[in-house]
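K.L.:
Below is the structure I would like to discuss, written out as structure tokens.
The values are calculated or read from the model by the stated rules, or taken from the named source; none is laboratory data. What you are looking at is a predicted structure, and each value in this text was computed from that prediction instead of being measured. Methodologically, a virtual Cβ is constructed for each residue, glycine included, from the backbone with ideal geometry; neighbour enumeration extends over all protein chains shown.
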Amino acid sequence: MIISQLQMGIYLSTPKTEKFSEDGNNNRLRFGLSSMQGWRATMEDAHAALTDLDDSTSFFGVYDGHGGKVVAKFCAKYLHQQVLKQEAYSSCDIGTSVQKSFFRMDEMMRGQRGWRELAVMGDKMNKFTGMIEGLIWSPKSGDKSKQVDDWAFEEGPHSDFPGPTSGCTACVAIIRENQLIVANAGDSRCVISRNGQAYNLSRDHKPDLEAERDRILKAGGFIHAGRVNGSLNLARAIGDMEFKQNKFLPPEKQIVTPSPDINIVELCGDDEFIVLACDGIWDCMSSQQLVDFIREQLKSETKLSAVCEKVLDRCLAPSTAGGEGCDNMTMILVQFEKATSSDDKPSASDSEFKPAESESQ
């Protein structure tokens, strides 16, 4: 296969349209998902979908990698585990537990253990270190039986590993009974359809947003051509340790921060479904356009993963000439069972929602 280098990135001569798709359900909801590499030379998206994180909680996450796939894969493997491990989770403070879990990802990817985990996940060693490619150091005593909490410091040649230079976005939705908790860092997005109207439950963290710009500048960074320090077109991400080197600042005030926005919503009878998707989808369709498209497909298609596949096919560009529709694409569609009464009204906090199309895209 021919690979061409264009301004927007490295593209294949023909797109890879094979899809990974999955469906699942419990008595509260059902979901479908699909992901596709598309025109990109590598697949750097990852995801997690657990209908039963515990007996009363479901977890869905989309992780869009950049500069490599390992940080997205790391988050897909460990972030939901960390949500369960947080002290706040046992006291039903899911918002705090997921927020701490975003920060915990950066902590876990440092040092010997972090280096080893990332190395095993598949990128070449020299992306992280000057060591010979393929050389993986591991301690003599195996650690497979350890719990995630026991992420103890390990001695080894990479004990001072500062963490990966690659990174990923993270957009997570946690559903417990009638409560929806959305946590987002980056430009993946979560949207809810409430009686056919799209509402954004997350904000795209672009460097030109006032709050993001202020933090970037105060931390000693700069913005050039809409990119942090001229390279990263995101203001928040997990990983990307080169933007988190100021020893005098806490993680939430670094040039790039993993700190998520947390949005807690009380679901009502008008809520039909939520969508989590990477920017490969949102570059091609607005929030309302996607909600309209899904609602139309649901009239004839019962399998939710098939609806996701149709979205991916619709967004895929016919060529790499324009850039849009050329990215990796991942989408999770979660449809609520109508356990709540259709007479339910949005709570006070929900009534502050603005329709997605009234927000700046």
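K.L.:
With respect to GLY269, is the statement that it is in contact (Cβ under 8 Å) with a residue 12 or more places away in the chain, of a type outside the set (Val, Ile, Thr) and surrounded by fewer than 16 Cβ atoms within 10 Å (Cβ to Cβ) true?
P.N.:
no
K.L.:
Next question, about the same structure. Quick one: is ARG28 surrounded by 17 or more Cβ atoms within 10 Å (Cβ to Cβ) and either touching a Pro at 6+ places or on another chain (Cβ under 6 Å) or within 22 Å of LEU234 (Cα to Cα) (or both)?
P.N.:
No: the conditions fail for ARG28.
K.L.:
Given the criterion more than 18 Å from the chain's Cα centre (by Cα) and within 22 Å of CYS308 (Cβ to Cβ), identify the matching residue among ARG110, ARG28, ARG116.
P.N.:
Every option except ARG28 fails the conditions.
K.L.:
Then there's this: Given the structure, is ALA321 modelled with pLDDT under 95, over 20 Å from GLY186 (Cα atoms) and of a type in the set (A, V, I, L, M)?
P.N.:
Yes; evaluated as a whole, the condition is true for this residue.
K.L.:
Another one. Kindly provide the set of residues from the stretch 326-361 that are modelled with pLDDT of 80 or more and either assigned to a strand (DSSP E or B) or surrounded by fewer than 14 Cβ atoms within 10 Å (Cβ to Cβ) (or both), ordered by number.
P.N.:
Hits for the stretch 326-361 are MET329, THR330, MET331, ILE332, LEU333, VAL334, GLN335, PHE336, GLU337, PRO355.
K.L.:
Return the total of residues in the stretch 64-99 being of a type outside the set (Lys, Arg), assigned to a loop (DSSP other than H, G, I, E, B) and under 23 Å from ALA119 (Cβ atoms).
P.N.:
Result for the stretch 64-99: 2.
K.L.:
What's the number of the condition SER91 fails, among (1) of a type in the set (Ser, Thr, Tyr); (2) out of contact with any helix residue (DSSP H, G or I) (no Cβ under 7 Å at 6 or more places or on another chain); (3) surrounded by 15 or more Cβ atoms within 10 Å (Cβ to Cβ)?
P.N.:
Looking at each condition in turn, SER91 falls short on (3).
K.L.:
Considering only residues of the stretch 312-325 that are free of Cβ contacts under 8 Å to residues at least 60 places away in the same chain and under 21 Å from ILE192 (Cβ atoms), which is surrounded by the fewest Cβ atoms within 10 Å (Cβ to Cβ)?
P.N.:
ARG314
This table checks each residue for (1) without any contact (Cβ under 8 Å) to a residue 24 or more places away in the chain; (2) in contact with a strand residue (DSSP E or B) (Cβ under 6 Å, 6 or more places away or on another chain); (3) over 26 Å from ASP52 (Cα atoms); (4) not in a strand (DSSP E or B).
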{"residue": "LEU180", "(1), (2), (3), (4)": "no, yes, no, no"}
{"residue": "ASP204", "(1), (2), (3), (4)": "no, no, yes, yes"}
{"residue": "PRO207", "(1), (2), (3), (4)": "no, yes, yes, yes"}
{"residue": "ALA211", "(1), (2), (3), (4)": "yes, no, yes, yes"}
{"residue": "ARG215", "(1), (2), (3), (4)": "no, no, yes, yes"}
{"residue": "GLU242", "(1), (2), (3), (4)": "no, no, yes, yes"}
{"residue": "LYS247", "(1), (2), (3), (4)": "yes, no, yes, yes"}
{"residue": "ILE264", "(1), (2), (3), (4)": "no, yes, no, no"}
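K.L.:
Across the stretch 294-310, what is the number of residues that are free of Cβ contacts under 8 Å to residues at least 40 places away in the same chain and within 25 Å of TYR11 (Cβ to Cβ)?
P.N.:
1
K.L.:
Considering the stretch 264-294 alone, what residues qualify as being of a type in the set (D, E, K, R), closer than 19 Å to PHE336 by Cβ and out of contact with any Ser or Thr (no Cβ under 7 Å at 6 or more places or on another chain)?
P.N.:
The answer is ASP270, ASP271, ASP292.
K.L.:
For residues that are surrounded by fewer than 17 Cβ atoms within 10 Å (Cβ to Cβ) and of a type in the set (S, T, N, Q), scanning just the stretch 234-264, find the one that is nearest to LYS73 (Cα to Cα).
P.N.:
In this case the residue turns out to be GLN245.
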